[in-house]
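Okay, structure first, notes after.
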Amino acid sequence: MTLNTWIDLVYLLAAVGFILALKGLGSPKHARNGNLLGAAAAALAVAFTFAYPVVRAHTLNLVLTLVAMVIGAAVAVPAARKVKMTAMPQMVAIFNGVGGGAAALVSIVVFVIEAPGKPAVYRIAEVLFGVLVGCVSFSGSAIAFAKLQELMTGRPITYPAQQVINAVIAVAIVGLAVGTLITGSVALLVATALLSLVLGVIFVLPIGGADVPVLISLLNSFTGLAVAASGFTLNNNLLIIAGTLVGASGILLTRMMSKAMGRSLTNVLFSAFGSVVTATGGADGAGETRTVKTGTAEDIGVLLAYARKVVIIPGYGLAVAQAQHTARELADLLMERGVDVFYAIHPVAGRMPGHMNVLLAEANVPYDELKEMDEANPEMATADVALVVGANDTVNPAAKNTPGSPIFGMPIINADEAEHIVFLKRSMRPGFAGIDNDLLFDDKTTLLFGDAKDSLAKLVAAVKDA
Amino acid sequence: MSTGILEFLTIFVLAAFVGIELINAVPSILHTPLMSGSNAIHGIILVGTILIMGGAHGTAQITLAFFAVLLATLNIVGGFVVTDRMLEMFKAKPAERPAKKPDASGDETDGGST
């Protein structure tokens, strides 16, 4: 067998490793091993890539490759190890964006090497696809990162004739791409790449903070497709398989996520969610005239201590305050007193589906105390207290009762059915979706303002005294 | 159309079906690690960037390829490490039930690493 055949066999092995890795990631029991298997497969494939003579042909290039890899690893490992669990979505956005950027660069370099002066061939179409999608993924992820990191407003950014302008830019890109295809001009390719970067930005701007995770999932899928395109360009089976696996599964995952919010993907991407609400006013809560009932930690502590069934509904506020450990402490304390306690987890609680489960797992909350929304809702009517910790949109009855509301149709946790509702909130500010929550003004509702962790700690003390 | 592209197209189509089938049965609690894990997998573009660097000539091409390798390494290394960190937490299975301790001061408890 030739060297190339051996390398191809190793690539096949790596591809199988990736498939098994994705399969493992689908079950809680095998997920970690699945991920490790994926990493091992990747390491193997990368190591054998150095067996290609072309990679070792020029010493300078080889040294630069190794230098770039060392720098990359030296930056990535500490960043990934130190990132807070709450900042995970941003981190995924960055790692996704750089992957898209790498795929775009691969396509650009291939074009520069091969294309100039040549007529249109199918390879060039793949190259252009890689450049376009890779660039959109790169700049889109950057904006998604900025939104989640709160470097810029999480609200949708809209401007007049937005859809028209975006459409014009998209058409212009197609035009440029065709031009590049026909002429093989590097200048046109650069223009295509730059305009694709612009498209990534304007595509993400009108998407509100609450929807950004869905968007990251979509961009993840895009990067996969860009990688697959690079695979076509480089005649590399492994890149095609890995990229396509991610591209296909990513699109499905994206659909599952938007479904969890009761909306279609098109609605998430193009409806400028939340801007409607700003128009109806009250989005900043300033003009609010209705009164809310606030309680002391002691009152609420007594309410909880003598309840039969308490449902804790965690949201992003709990995540930001890093209050998952204190929440578990409170739950354990209540359970010791014989109170029936469980956590009701909305599919999009936190900022990514499953995000809240990750955080609570970090606090060693046992699985059997976590109930998914569908499992929790039938029990809400028999709950004495629904303790909403830093959540808002996921319990907003407007999703059921107000057809005009932007979140109408989104499945929610029926906190309103509990006998008492307690909100731990930092302020009257509305949630991510930017809309008011009538439940806050309900007679059954008591509010305790403050940082989720502080409030929970106060409740722990109050329950101990009760 | 050459037979080469048809072969690659076959692989592409089959891989797409496999990707869809793999995701179908994932419980929602694993959506975040799954997104992160698949994000790491497309970091395999690193292989492509290494090949590109091998064939690059001149400052412009080499510079672009250098950044390509750098970005791809960030993607693949960071992706797998971050996913492992997420999944590490799922490992503390309910078996020994570390909860139920009233003094559970929380923060640093890492739950019996098994």
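The values are calculated or read from the model by the stated rules, or taken from the named source; none is laboratory data. These numbers come from a predicted model, not from an experiment. Reconstructed Cβ throughout: ideal geometry from the backbone, glycine too, with neighbour counts over all protein chains shown.
Checking residue B:52 against (1) facing another protein chain (nearest Cβ under 7 Å); (2) over 16 Å from residue A:114 (Cβ atoms); (3) β-branched (Val, Ile, Thr), which test does it fail?
The failed condition is (2).
Out of the residues in the stretch A:70-92 that are assigned to a helix (DSSP H, G or I) and among the β-branched types (Val, Ile, Thr), state the one that is surrounded by the most Cβ atoms within 10 Å (Cβ to Cβ). Walk me through how you get there before you give the answer.
First, pick out the residues of the stretch A:70-92 that are assigned to a helix (DSSP H, G or I): A:70-82, A:85-92.
When the remaining residues are screened for being among the β-branched types (Val, Ile, Thr), the result is A:70-71, A:75, A:77, A:86, A:92.
On the way: A:70: 12, A:71: 15, A:75: 15, A:77: 15, A:86: 20, A:92: 34.
So the residue we want is A:92.
With respect to the numbered conditions (1) closer than 23 Å to residue A:88 by Cβ; (2) surrounded by fewer than 19 Cβ atoms within 10 Å (Cβ to Cβ), which one is the sole condition not fulfilled by residue A:315?
Single failed check for residue A:315: (2).
What about residue A:305, is it of a type in the set (A, V, I, L, M, F, W, C) and under 11 Å from residue A:463 (Cα atoms)?
Here the answer is yes, as residue A:305 does meet what is asked.
For every residue, the table says whether it meets (1) of a type outside the set (Asp, Glu); (2) closer than 17 Å to residue A:127 by Cα; (3) touching a residue at least 40 places away in the same chain (Cβ under 8 Å).
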| residue | (1), (2), (3) |
| --- | --- |
| B:36 | yes, no, yes |
| B:40 | yes, no, yes |
| B:44 | yes, no, no |
| B:47 | yes, yes, no |
| B:52 | yes, yes, no |
| B:63 | yes, no, no |
| B:67 | yes, no, no |
| B:70 | yes, no, no |
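For the stretch A:53-69, which residues satisfy the criterion of being at the interface with chain B (Cβ under 7 Å from one of its Cβ atoms) and closer than 15 Å to residue B:67 by Cβ?
A:61, A:64, A:65, A:68, A:69
If residue A:440 satisfies all but one of (1) surrounded by fewer than 21 Cβ atoms within 10 Å (Cβ to Cβ); (2) part of a helix (DSSP H, G or I); (3) away from every other protein chain (no Cβ under 14 Å), what's the number of the condition it fails?
Here residue A:440 meets the rest and fails (1).
Among the residues of the stretch B:80-91, are any buried (at least 24 other Cβ atoms within 10 Å of the Cβ), closer than 23 Å to residue A:30 by Cα, touching a His at 6+ places or on another chain (Cβ under 9 Å) and at pLDDT 90 or above?
No, the stretch B:80-91 contains no residue that is buried (at least 24 other Cβ atoms within 10 Å of the Cβ), closer than 23 Å to residue A:30 by Cα, touching a His at 6+ places or on another chain (Cβ under 9 Å) and at pLDDT 90 or above.
Can you tell me which residue in the stretch A:135-164 is nearest to the chain's Cα centre (by Cα), limited to those that are among the aromatic types (Phe, Trp, Tyr) and crowded, with 19+ Cβ neighbours inside 10 Å?
Among those that are among the aromatic types (Phe, Trp, Tyr) and crowded, with 19+ Cβ neighbours inside 10 Å, it is A:145.
Test each condition in (1) over 17 Å from residue B:47 (Cβ atoms); (2) not assigned by TED's automatic domain parsing to the domain that holds residue A:231 for residue A:97 and report the one that comes out false.
(2)
Let's see how each residue does on (1) more than 10 Å from chain B (Cβ to nearest Cβ); (2) closer than 16 Å to residue A:239 by Cα; (3) of a type in the set (S, T, N, Q); (4) assigned to a helix (DSSP H, G or I):
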{"site": "A:4", "(1), (2), (3), (4)": "yes, yes, yes, yes"}
{"site": "A:8", "(1), (2), (3), (4)": "yes, yes, no, yes"}
{"site": "A:23", "(1), (2), (3), (4)": "no, no, no, yes"}
{"site": "A:28", "(1), (2), (3), (4)": "no, no, no, no"}
{"site": "A:34", "(1), (2), (3), (4)": "no, no, no, yes"}
{"site": "A:37", "(1), (2), (3), (4)": "yes, no, no, yes"}
{"site": "A:41", "(1), (2), (3), (4)": "no, yes, no, yes"}
{"site": "A:44", "(1), (2), (3), (4)": "yes, yes, no, yes"}
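List, please: which pairs have Cβ atoms under 8 Å, are six or more places apart or on different chains, and start with a residue in the stretch A:102-122 that is facing chain B (nearest Cβ under 8 Å) and end with one that is in a loop (DSSP other than H, G, I, E, B) and at pLDDT below 65?
Note: pairs meeting the criteria are A:122/B:1.
Quick one: is residue A:67 closer than 24 Å to residue A:217 by Cβ and assigned to a helix (DSSP H, G or I)?
Values: closer than 24 Å to residue A:217 by Cβ: no; assigned to a helix (DSSP H, G or I): yes.
Considered against the rule, which asks whether it is closer than 24 Å to residue A:217 by Cβ and assigned to a helix (DSSP H, G or I), residue A:67 comes out as no.
Condition check ((1) among the acidic types (Asp, Glu); (2) over 13 Å from residue B:42 (Cα atoms); (3) surrounded by fewer than 23 Cβ atoms within 10 Å (Cβ to Cβ)) across all residues:
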{"residue": "A:6", "(1), (2), (3)": "no, yes, yes"}
{"residue": "A:14", "(1), (2), (3)": "no, no, no"}
{"residue": "A:31", "(1), (2), (3)": "no, yes, no"}
{"residue": "A:37", "(1), (2), (3)": "no, yes, yes"}
{"residue": "A:47", "(1), (2), (3)": "no, yes, yes"}
{"residue": "A:53", "(1), (2), (3)": "no, yes, yes"}
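Name the single residue that is modelled with the lowest pLDDT among those in the stretch A:443-456 being among the small types (Gly, Ala, Ser) and surrounded by 20 or more Cβ atoms within 10 Å (Cβ to Cβ).
Only one residue tops the list, namely A:452.
Modelled with pLDDT under 90, surrounded by fewer than 22 Cβ atoms within 10 Å (Cβ to Cβ) and either at positive phi or not in a helix (DSSP H, G or I) (or both) - does that describe any residue in the stretch A:194-211?
yes
Would you list the helices (runs of 4 or more DSSP H) that sit entirely within the stretch A:218-297 and hold 3 or more residues that are modelled with pLDDT of 90 or more and within 23 Å of residue A:137 (Cα to Cα)?
A:237-260
Return a yes/no flag: does the stretch B:17-38 have any residue that is more than 7 Å from chain A (Cβ to nearest Cβ), in a helix (DSSP H, G or I) and on the phi < 0 side of the Ramachandran plot.
Scanning the stretch B:17-38 turns up at least one residue that is more than 7 Å from chain A (Cβ to nearest Cβ), in a helix (DSSP H, G or I) and on the phi < 0 side of the Ramachandran plot.
Would you please list the contacts, defined by Cβ atoms under 8 Å and residues six or more apart or on different chains, that run from a residue in the stretch A:52-66 that is of a type in the set (Phe, Trp, Tyr) to a residue that is modelled with pLDDT under 90?
As it stands, the answer is A:52/A:3; A:52/A:4, since those pairs meet every condition given.
When the stretch A:56-65 is examined, which residues are found to be surrounded by fewer than 19 Cβ atoms within 10 Å (Cβ to Cβ) and in contact with a helix residue (DSSP H, G or I) (Cβ under 9 Å, 6 or more places away or on another chain)?
Taking the stretch A:56-65 as the starting set, the residues that turn out to be surrounded by fewer than 19 Cβ atoms within 10 Å (Cβ to Cβ) are A:56-60, A:62-63.
Residues satisfying the conditions are A:56, A:57, A:58, A:60, A:62.
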